[in-house]
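Here is the structure we will look at, set down as structure tokens.
The values are calculated or read from the model by the stated rules, or taken from the named source; none is laboratory data. Everything quoted here is computed from the prediction, not taken from an experiment. Virtual Cβ from ideal backbone geometry, glycine too; neighbours counted across all protein chains shown. Calculation scope for accessible area: heavy atoms of the full protein, side chains included, ligands and nucleic acids excluded. Shrake-Rupley method; radii C 1.70, N 1.55, O 1.52, S 1.80 Å.
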Amino acid sequence: MTEIKLHNSLSRKKEIFAPIDPENVRMYVCGPTVYDRAHIGNARPVVVFDVLYRLLREVYGADHVTYVRNFTDVDDKINARAAESGRSIGEITSETTQWYLDDMGALGAMEPDHMPRATQYIAQMVTMIEKLIADGFAYAHEGHVLFRVRKYADYGKLSGRSVDDMIAGARVEVASYKEDPMDFVLWKPSDDATPGWDSPWGRGRPGWHIECSAMSYELLGASFDIHGGGNDLMFPHHENEIAQSCCANGGQSMANYWLHNEMLQVEGKKMSKSLGNFFTVRDLLDEGIPGEVVRFVFLSTHYRKPMDWTVEKARNAEATLRRWYELTVDLEPTNEAEFVADKDILDALSNDLNTHLALSKLRKMTANPQALLDNARLLGFMSDECRVQFNIVDETPKVFGVSSNFQHSKLLSEIGKKLEVTRVKAMESKNFSEVDRIKGALVAAGVEVRMSKAGVELLPAAGFDASKLEGLL
Ligand code: AMP
Ligand code: ZN
């Protein structure tokens, strides 16, 4: 059997992966809080852990892996969104949940085996909290229940900090209902305007961390193999999950292997609304960038390195994928029972998910298009849905106007579409004056115009001035 090595945040080392039960390899990944579209940073863990899921299925068998990813559908950000929009919480969470599934599906991510929603597991959370209180690990005070951090000797082991350092450096909240500022909330009271459930401590709602402990226990047991998420979750979220789960269920560390992806940036900068470089997965898809291109860009950087989303990378990824589709247009994928993964690719993935190396091996497979197609599918590319989406087969022109500024990209993309339609009409009428007019205006606005059989590409060049584009739509 292929040996998988994974970098374990707990030991800070790459370790040989040995599942508790090879017949049922179990993985839990923290999912989204559902109140808005997922931004492209949120999609990084989804794509990374999707590759791990696919690798585990390949090595242990598709029926021998259980993957759980939750939806946080009780949270103060959701309550705030409901209050400001005048819509109900249920409406917002169910709409956002569906958006998430659609957007992540477009990136070629498989759906996990279980996608529990926090609101469906309130009773299990209450039971776990009652046990923590009974055993002295938690206490109820003024309608709140808090976890006694100093009762859990290993607190801080995952993130490598001592409790005293954390107090000195962290923004821990001091509150009248806390015995110690480090203690964190398991349960909090709800007023009439806030969602709440009856509990032994009055009407209230759970804290965020307890949700993952209760749901992973229900669906995967007290100890399981892999726990994943972005490295921003390591402290306090994962540290708190471990403390709750170990104190309530026994066990060493809840999960044996803790994996964390690094953060995503845009053009070398932290993504933020104020910098104008914030966008959602849907923004990119609407702009005409195929989900597969996003996936390709993500996987070209190792998951433990910061990943930089750039227009240049998206353009290169699109060109590579286009070439792969051209090479494999007449081929059918080998059926799953007969498929044997390429050894180099499997080795690359098994070495702590070296997707960068796996992609360069795929790039070198162009002499064998059948192997290219089959192994690309192992990494989640060129699925039946994606083949339709990318649409090389019927030569539908692709418009690909991109810039690091999303508003500009959107504008360029729309002008690109208009130019493409105009160009097709001009080919029939043999009258190119309108095409020339649009092209001229684009060049005057500092846009490089590339027209080919594949479609229109508009690229902001030196002297680009978006204000000169306004009249073109
Ligand atoms: P949230 O809904 O904020 O709890 O985030 C959902 C997931 O997205 C978590 O696993 C986060 O670690 C991850 N995440 C958030 N921002 C980024 C980012 N910029 N890059 C990579 N992952 C991120
Ligand atoms: Zn979690």
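Do we have Asn316 as within 17 Å of Thr355 (Cα to Cα) and either small (Gly, Ala, Ser) or open to solvent by 60 Å² or more (accessible area, probe 1.4 Å) (or both) here?
Considered against the rule, which asks whether it is within 17 Å of Thr355 (Cα to Cα) and either small (Gly, Ala, Ser) or open to solvent by 60 Å² or more (accessible area, probe 1.4 Å) (or both), Asn316 comes out as yes.
In segment 451-469, of all residues being exposed (fewer than 12 other Cβ atoms within 10 Å of the Cβ) and without any contact (Cβ under 8 Å) to a residue 40 or more places away in the chain, the one that is farthest from His408 (Cα to Cα) corresponds to Ser452.
A residue that is of a type in the set (S, T, N, Q), in contact (Cβ under 8 Å) with a residue 24 or more places away in the chain and either closer than 17 Å to Val149 by Cα or open to solvent by 10 Å² or more (accessible area, probe 1.4 Å) (or both) can be found somewhere in segment 255-264.
Applying the selection to segment 18-41, what residues are closer than 30 Å to Met1 by Cα and either in contact with an Asp or Glu (Cβ under 8 Å, 6 or more places away or on another chain) or within 16 Å of ligand 1 (Cβ to nearest atom) (or both)? Pro19, Ile20, Val25, Arg26, Met27, Tyr28, Val29, Cys30 - these are the residues of segment 18-41 that are closer than 30 Å to Met1 by Cα and either in contact with an Asp or Glu (Cβ under 8 Å, 6 or more places away or on another chain) or within 16 Å of ligand 1 (Cβ to nearest atom) (or both). Residue count for segment 58-75 satisfying the condition of being within 20 Å of the chain's Cα centre (by Cα) and over 16 Å from Phe224 (Cα atoms): 5.
Among the residues of segment 306-330, those identified as out of contact with any Asp or Glu (no Cβ under 6 Å at 6 or more places or on another chain), within 29 Å of Asn231 (Cβ to Cβ) and not in a helix (DSSP H, G or I) are Met307, Asp308, Trp309.
The residue that is farthest from ligand 2 (Cβ to nearest atom), counting only those in segment 16-41 that are under 14 Å from the mean Cα position of the chain (by Cα) and closer than 18 Å to His209 by Cα, is Val34.
The set of residues from segment 194-216 being in contact with a Phe, Trp or Tyr (Cβ under 9 Å, 6 or more places away or on another chain), within 16 Å of ligand 2 (Cβ to nearest atom) and not acidic (Asp, Glu) comprises Pro206, Gly207, His209, Ile210, Cys212, Ala214, Met215, Ser216.
Given Val46, Val74, Val68, which one is part of a loop (DSSP other than H, G, I, E, B) and within 16 Å of ligand 2 (Cβ to nearest atom)?
Working: Val46 fails: part of a loop (DSSP other than H, G, I, E, B); Val68 fails: part of a loop (DSSP other than H, G, I, E, B).
None of the other options fit; the residue is Val74.
Mind listing just one residue for me: the one in segment 183-193 that is open to solvent by 10 Å² or more (accessible area, probe 1.4 Å) and within 16 Å of ligand 2 (Cβ to nearest atom) and, of those, farthest from Glu130 (Cα to Cα)? Working first, answer last.
Step one: filter segment 183-193 for residues open to solvent by 10 Å² or more (accessible area, probe 1.4 Å), giving 184-185, 188-193.
From the residues that got through so far, the ones that are within 16 Å of ligand 2 (Cβ to nearest atom) too are 184-185.
Details: Phe184: 15, Val185: 14 Å.
That would be Phe184.
Residues checked against (1) modelled with pLDDT under 95; (2) not hydroxyl-bearing (Ser, Thr, Tyr):
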residue: Asp63; (1), (2): no, yes
residue: Arg69; (1), (2): no, yes
residue: Thr72; (1), (2): no, no
residue: Glu84; (1), (2): yes, yes
residue: Ile92; (1), (2): no, yes
residue: Gln98; (1), (2): no, yes
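Restricting attention to segment 238-273, the residues being farther than 21 Å from Ile20 by Cα and more than 16 Å from ligand 2 (Cβ to nearest atom) number 12.
When segment 268-284 is filtered for residues that are in contact with a strand residue (DSSP E or B) (Cβ under 7 Å, 6 or more places away or on another chain) and over 20 Å from Pro32 (Cα atoms), the ones remaining, listed by number, are Gly268, Leu275, Asn277.
Tell me which residues, restricted to segment 132-142, are assigned to a loop (DSSP other than H, G, I, E, B) and either in contact with a strand residue (DSSP E or B) (Cβ under 7 Å, 6 or more places away or on another chain) or modelled with pLDDT of 95 or more (or both). Show your work before the answer.
Looking only at segment 132-142, we keep the residues that are assigned to a loop (DSSP other than H, G, I, E, B), and these are 135-137, 142.
Hits for segment 132-142 are Asp135, Gly136, Phe137.
Given the criteria modelled with pLDDT of 95 or more, within 22 Å of Arg44 (Cα to Cα) and of a type outside the set (Phe, Trp, Tyr), does Asp352 qualify? If you could, list the steps in order and put the result at the bottom.
On the way: modelled with pLDDT of 95 or more: yes; within 22 Å of Arg44 (Cα to Cα): yes; of a type outside the set (Phe, Trp, Tyr): yes.
When the stated conditions are applied, Asp352 passes them.
Looking only at residues of segment 255-298 that are away from ligand 1 (no atom under 15 Å from the Cβ) and aromatic (Phe, Trp, Tyr), we find that the one that is nearest to Ser383 (Cα to Cα) is Phe296. Inspection of segment 49-58 finds no residue satisfying the criterion of being open to solvent by 10 Å² or more (accessible area, probe 1.4 Å) and of a type in the set (A, V, I, L, M, F, W, C).
Among the residues of segment 103-117, are any in contact with a Gly (Cβ under 9 Å, 6 or more places away or on another chain), open to solvent by 40 Å² or more (accessible area, probe 1.4 Å) and within 25 Å of Phe235 (Cα to Cα)? Yes, because at least one residue in segment 103-117 is in contact with a Gly (Cβ under 9 Å, 6 or more places away or on another chain), open to solvent by 40 Å² or more (accessible area, probe 1.4 Å) and within 25 Å of Phe235 (Cα to Cα). The residue pairs whose first member lies in segment 189-217 and is closer than 13 Å to Thr72 by Cβ and without any contact (Cβ under 8 Å) to a residue 24 or more places away in the chain, whose second member is open to solvent by 40 Å² or more (accessible area, probe 1.4 Å) and not in a loop (DSSP other than H, G, I, E, B), and whose beta carbons are closer than 8 Å, counting only pairs six or more residues apart or on different chains, are Gly207/Lys188.
Considering segment 143-252, the qualifying helices (runs of 4 or more DSSP H), each wholly inside and each with 1 or more residues that are of a type in the set (Phe, Trp, Tyr), run over 208-220.
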